[in-house]
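As structure tokens, the structure follows; a few thoughts come after it.
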Amino acid sequence: MPVTSPSAPTVRARRLASTFYLYAFLDEFVLLYPVYALLFTDTGLSVPQISSLFVIWSLTGVVLEVPSGVLADAVSRRLLLVVAPLLGAVGFGLWVAAPSYQVFALGFVLWGVRGALQSGAAEALVYDELDRLRLADRYGRVVGRASTAGLLGALLAIAVASPVFAAGGYPAVGIASVLASLLCAAVGLALPEHRTPAPASAVPAEPGVAGGAASGPFAILRAALAEARGNRAVRRALLILPAMVGIWGGLEEYVPLLAGEVAPVSRVPLLVLLVWVGVMLGGLLTPLGQRLTARRFAGTVATASVALAVGALAGRPAGFVLVAVAFCLLQTTSLVAGVRLQESIDGPARATVTSLAGLGAALVTIGVYGGYALASTVAGHGVVFGLLAAPYLLLAVGLVRAGAPRRIRPVAAGRDAAGPDVAPADAGRAG
């Protein structure tokens, strides 16, 4: 039997992490992001038409979220992560090649499919690969850094878009976006995947259900729903995570409007950048967030709620320091809640369970959009932000009473999925 280095799992984990960081960066490095709204208006679209495109985008993601999770449990997750950016590349290319409302709508459908294919599949692939190496305790650090890499990609795309647009207009930023998506797909091919998808018919049916095992995708879906009902930790995570992610994820879209209420237009980008920096730091703080006790986790959520409300209601640019702190803490706690969900899943439908959480978050975000639109008719942006910060305070109280997410569990020392060359002594090292 060949002898391998005890550090082999660490090397493989680092290779997985670095590849995933590059994938996350390229996935967000889309130069069309800051100018696609201008492309729509320059093509002659009205505001209601543009709004309808956003609705098409959101509904595509909502409808496909769970089916794409089932697919990720039935086929290669790496394959889905390769196909997803290719769909985005097609959409971006069509936008600049044949701009029209119908083409924009098709592009948003493809973009929605892209996001749905990645949601669930990415988290499940990374967690299972780390778990195979008995290094699942690094998952929080990896996804935290990946989120920061994605934000850096988006920020760099915004910075680069201006000179590229000046040089070549919409075709130039469109071509650059297509190339970034193609590179993202190429990097996806380099992601390791040692999992062999089991036939759907082999997925055990929910205990106590007459008729035996289900067949096809329904077997996977029933397994996921059974785990959500029967696993208390999973059920709690599926309730916490959508609330954690969905509210501030929706509010993030309105940060420029809040900034415009307290500062001249020339300073709005700086205030928005401050909030983005807070979100990036929140991703890097995920490992620290995993060490929080139940009460301290709830206290962090409560602190974020108060900071968000006070900062938004301050009515001055200095208040954005508190808004940035709030978004930082909410990013950290959201990622930690996601880590807890992955740790809690024991069944064969990991990606599907993760997609259930994604569906819940999407529905909460849509509710935030509707609530914000309604509240903004009678109140300013600062007041609306303050009102939507309140649910986090209620959530913190509920976490204290029900028991917040537990600390990270130790990685099991004898997983059957681990290869013979995995060294148990290496499982607890920092990356």
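The values are calculated or read from the model by the stated rules, or taken from the named source; none is laboratory data. Predicted model only: the values in this text are computed from it and were never measured. Glycine gets a Cβ as well: all are built from the backbone with ideal geometry, and neighbour counts include every protein chain shown. Heads up: the accessible areas ignore ligands, DNA and RNA and are worked out on the full protein's heavy atoms, side chains in. Shrake-Rupley method; radii C 1.70, N 1.55, O 1.52, S 1.80 Å.
Numbers for the structure displayed
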{"read-out": "Selection count where residues are open to solvent by 40 Å² or more (accessible area, probe 1.4 Å), at pLDDT 90 or above, of a type in the set (A, V, I, L, M, F, W, C) and assigned to a helix (DSSP H, G or I), scope region 285-306", "value": "2"}
{"read-out": "Single match in Gly360, Gly367 (criterion: open to solvent by 40 Å² or more (accessible area, probe 1.4 Å), within 20 Å of Val62 (Cβ to Cβ), among the small types (Gly, Ala, Ser) and out of contact with any Cys (no Cβ under 8 Å at 6 or more places or on another chain))", "value": "Gly367"}
{"read-out": "Odd one out for Val35, checked against (1) in contact (Cβ under 8 Å) with a residue 60 or more places away in the chain; (2) under 25 Å from Val353 (Cα atoms)", "value": "(2)"}
{"read-out": "Unmet criterion (only one of (1) surrounded by 16 or more Cβ atoms within 10 Å (Cβ to Cβ); (2) touching an Asp or Glu at 6+ places or on another chain (Cβ under 8 Å); (3) of a type outside the set (D, E, K, R)) for Gly69", "value": "(2)"}
{"read-out": "When residues of region 392-407 are limited to those that are modelled with pLDDT under 85 and in a helix (DSSP H, G or I), the one farthest from Ala337 (Cα to Cα)", "value": "Arg401"}
{"read-out": "Selection within region 17-70 - of a type in the set (Ser, Thr, Tyr) and closer than 20 Å to Thr365 by Cα", "value": "Tyr33, Ser51, Ser52, Ser58, Thr60, Ser68"}
{"read-out": "Residue in region 243-253 that is more than 18 Å from Tyr392 (Cα to Cα), of a type outside the set (D, E, K, R) and surrounded by fewer than 20 Cβ atoms within 10 Å (Cβ to Cβ) present", "value": "no"}
{"read-out": "Residue count, region 312-340 (criterion: over 18 Å from Gly246 (Cα atoms), of a type in the set (Gly, Ala, Ser) and open to solvent by less than 10 Å² (accessible area, probe 1.4 Å))", "value": "2"}
{"read-out": "Residues of region 343-361 that turn out to be more than 12 Å from Arg235 (Cα to Cα) and either hydrophobic (A, V, I, L, M, F, W, C) or touching a strand residue (DSSP E or B) at 6+ places or on another chain (Cβ under 8 Å) (or both), as a count", "value": "4"}
{"read-out": "Selection count where residues are in contact with a Leu (Cβ under 7 Å, 6 or more places away or on another chain) and under 30 Å from Val96 (Cβ atoms), scope region 126-178", "value": "12"}
{"read-out": "Check on Leu133, farther than 23 Å from Thr19 by Cα, under 25 Å from the mean Cα position of the chain (by Cα) and aliphatic (A, V, I, L, M)", "value": "no"}
{"read-out": "Any hit, region 326-346, residues being at pLDDT below 90, among the basic types (Lys, Arg), part of a helix (DSSP H, G or I) and within 30 Å of Ala121 (Cα to Cα)", "value": "yes"}
{"read-out": "Verdict on Ala361 being under 30 Å from Ala219 (Cβ atoms) and touching a Pro at 6+ places or on another chain (Cβ under 7 Å)", "value": "yes"}
{"read-out": "Residue within region 99-106 that is surrounded by fewer than 22 Cβ atoms within 10 Å (Cβ to Cβ) and assigned to a loop (DSSP other than H, G, I, E, B) present", "value": "yes"}
{"read-out": "Given (1) closer than 29 Å to Tyr139 by Cα; (2) open to solvent by 30 Å² or more (accessible area, probe 1.4 Å), index of the condition Pro48 fails", "value": "(1)"}
{"read-out": "Extreme residue, farthest from Gly358 (Cα to Cα), among residues of region 254-267 that are part of a helix (DSSP H, G or I) and open to solvent by less than 20 Å² (accessible area, probe 1.4 Å)", "value": "Ala259"}
{"read-out": "Residue among Gly230, Gly282, Gly278, Gly249 that is in contact with a helix residue (DSSP H, G or I) (Cβ under 6 Å, 6 or more places away or on another chain) and at pLDDT below 90", "value": "Gly249"}
{"read-out": "Odd one out for Ala389 among (1) open to solvent by 40 Å² or more (accessible area, probe 1.4 Å); (2) of a type outside the set (D, E, K, R); (3) modelled with pLDDT of 85 or more", "value": "(1)"}
